[in-house]
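Undergrad: Quick one: the structure is below, and I'll ask about it shortly.
The values are calculated or read from the model by the stated rules, or taken from the named source; none is laboratory data. All figures in this text were calculated on a predicted structure; none of them were measured in a lab. Note that each Cβ is placed from the backbone with ideal geometry, even for glycine, and that neighbours are counted across all protein chains shown. The area values use the complete protein model at the heavy-atom level, side chains included, leaving out ligands, DNA and RNA. Shrake-Rupley method; radii C 1.70, N 1.55, O 1.52, S 1.80 Å.
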Amino acid sequence: MIRLGTSAADLGRAAAIIKAGGLAIFPTETVYGLGADAFNTHALARVFDVKGRPRFDPLIIHIAGFSALERIADLDALGSPERLLLEKLAKKFWPGPLTFVLPKRPEVPDLATAALPTAAIRFPSQSAAQKLIELSGGAVAAPSANRFGRISPTRAEHAVAELGDAADCIIDGGPCSVGVESTVLSIQGGLKILRPGGISREQIEELAGPLPEGNGISANLNVPQDTTQRTGIIISGNKAATMEEGEPAASPGMLKSHYAPERPLFFYGSDVMQALPCCPEDGYLFFSGTSRKTWAARTGAPDTDRIITLSESGDAVEAAARLFEYLRLLDGKGVRRIHAEALPEKGIGAAVNDRLRRAAG
Ligand code: TXA
Ligand code: MG
């Protein structure tokens, strides 16, 4: 596997690899992606094989400009209110961590969309990603560059740890600034958040009006209630691969177990987290410095690198950027299990909670 930086020459090399049907791991503002030419079925098949991803789980097609949208999406299949809404949302949030699920053009390979009549399309803001996509022909299908069901990579070395040298090249663009995946938003028949992510429900509602209750999956996220049940939320990482396999999923990012570390992870509301005892062999992931200090004062927990804070100041954006890296860090320390605290269920905190909940299964 060729290791590259983000110079024009390196991006050109990576693009040549994609154009020739190869696979390139590349940075985006959310997580690293495993990219292939969206119109090359042989390359797409390799993406699924390398990730160990079931073929029913469709890929996101990355574009590098507004005009490329119509190469993938059949916008004539949208009603005019839907089309206006799409234009409004794209104008506001593109380029950026928002993916639209739209009716697809017949030329888009079934393999990319898992034979769905729709395609997921995203215009990332990261500049190396934009240049790579443009030089590669304008349509790069890319899932996150991790093995199926595992923690998404937010640094080049994470992607290497996940996939070894199975891709043909990797572009190291440093750490990802957003740190959780894009929000997946379905447009047809009313807006629906299929996966909470880098653009929050509140940001979308500010532009599009209130999303109906029960819309998408974020509406089901009642963190404190669910997480007070201490039993039955443990699940180990390797269970992810068999989970709901073969079942058609509206958006397979909705699989219950996903983003999973090797170690069992428990996910709690703040109040329950505060009530936990300190077990020296366990790992703890606190949202804020205050939360960690309060707990440590009560339990007499020592200062160790197994007790980690996502954001000293309790900033959800910072917490999101660090989430996957810190989960990976705790996982690597050989802790017996990981206890993770929920963020306030608003803004990007909803996406962080979604990932932690799925990491817990
Ligand atoms: O931030 C991101 O979105 C990253 C970076 C690399 O761009 N990509 C990413 O891809 O997270 P992946 O494959 O890990 O997740 C794609 C999500 C899955 O939940 C998939 O089910 C959903 O998008 N998806 C793709 N096509 C869809 C479709 N036609 N209908 C509904 N959901 C779809
Ligand atoms: Mg993924």
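Undergrad: Tell me, what ³J(HN,Hα) does each residue in segment 95-101 have, in order and in whole Hz, if you take phi through Karplus 6.51 cos²θ - 1.76 cosθ + 1.60 with θ = phi - 60° and put x for Gly and Pro?
TA: Ordered by residue, 3J(HN,Hα) equals x, x, x, 10, 10, 9, 9 Hz.
Undergrad: Oh, and also: Once the Cα atoms of helix 8-19 and of the chain are each reduced to a long axis, what angle between those two axes, in degrees from 0 to 90 to the nearest 10, is obtained?
TA: With rounding to tens, the tilt is 70 degrees.
Undergrad: Relative to the longest principal axis of the chain, what angle (0 to 90°, nearest 10) does the C-alpha long axis of helix 289-299 take?
TA: Taking Cα atoms only, the helix is inclined about 30 degrees.
Undergrad: Could you sort 11-21, 121-131, 29-39 so that the peptide with the highest average Cβ count within 10 Å comes first and the rest follow in order? Don't skip to the answer; put the middle values down first.
TA: Numbers: 11-21: 19.2, 121-131: 22.4, 29-39: 27.8.
Highest mean packing first, the order is 29-39, 121-131, 11-21.
Undergrad: Mean residue ellipticity at 222 nm from the helices of the chain, using -39,500 (n - 2.57) per DSSP H segment of n ≥ 4 over the full residue count, to the nearest 500 deg cm²/dmol? Working shown, then result.
TA: Values: 13 runs with 120 residues, N = 361.
Result for the chain, helices only: -9500 deg cm²/dmol.
Undergrad: Let me ask another. Around SER125, which amide H atoms from residues at least 5 apart in sequence, or from another chain, sit under 5 Å from its own amide H, with H modelled in the peptide plane?
TA: The answer is GLU29, GLY96.
Undergrad: Quick one: check the C-alpha center-to-center distance for segment 6-51 versus segment 176-191, whole angstrom.
TA: About 21 Å separates the Cα centre of segment 6-51 from the one of segment 176-191.
Undergrad: Of LEU330, LEU194, ALA9, which is farthest on the positive side of the dipole of the chain, counting Cα position, with +1 on Lys and Arg Cβ, -1 on Asp and Glu Cβ, and the Cα centre as origin?
TA: Looking along the dipole axis, the top candidate is LEU330.
Undergrad: Quick one: accessible area per residue over the chain, 1.4 Å probe, rounded to a whole number of Å²? Please report the intermediate quantities before stating the final value.
TA: Details: 14090 Å² over 361 residues.
For the chain, the per-residue accessible area is 39 Å².
Undergrad: Right, here's the next one. Give the peptides 349-359, 166-176 in descending order of average Cβ contacts within 10 Å, highest first. Provide the component values of the computation, followed by the final result.
TA: Details: 349-359: 25.8, 166-176: 20.6.
Per-residue Cβ counts within 10 Å, averaged per peptide and sorted highest first, yield 349-359, 166-176.
Undergrad: Using a probe of 1.4 angstrom, how much of the accessible area of the chain is carbon and sulfur, in percent? Mind dumping the intermediate values first?
TA: Working: 7410 of 14090 Å².
That fraction is 53 percent.
Undergrad: Taking the Cα centre of segment 54-174 as origin, sum charge times position over the Cβ atoms of Lys and Arg (+1) and Asp and Glu (-1), and report the length of that vector in debye to the nearest 20. Kindly include the intermediate steps, with their values, before the conclusion.
TA: Working: 13 positive and 14 negative charges, 74 e Å.
With only Lys, Arg, Asp and Glu charged at Cβ, the dipole is about 360 debye.
Undergrad: Once amide H atoms are placed 1.01 Å from N in the peptide plane, what residues at a sequence separation of 5 or more from ILE2, or on another chain, have their amide H within under 5 Å of its amide H?
TA: Placed amide hydrogens put CYS169, ILE170 under 5 Å from ILE2.
Undergrad: Please state the shape class of the chain: rounded when a/c is under 1.5, otherwise prolate if a/b exceeds b/c and oblate if not, all from the C-alpha gyration tensor.
TA: Values: a/c = 1.86, a/b = 1.42, b/c = 1.31.
It comes out prolate by the Cα gyration axes.
Undergrad: Express as a percent, rounded to the nearest 5, the fraction of DSSP beta bridges in the chain (both residues included) that run antiparallel. Walk me through the numbers on the way to the answer.
TA: Numbers: 17 of 41 bridges.
Antiparallel bridges make up about 40 percent of those DSSP assigns within the chain.
Undergrad: In debye, nearest 20, what is the charge dipole magnitude of the chain about its Cα centre with +1 on Lys and Arg Cβ and -1 on Asp and Glu Cβ, if you could check?
TA: On the way: 39 positive and 41 negative charges, 67 e Å.
Dipole of the chain, to the nearest 20 debye: 320 debye.
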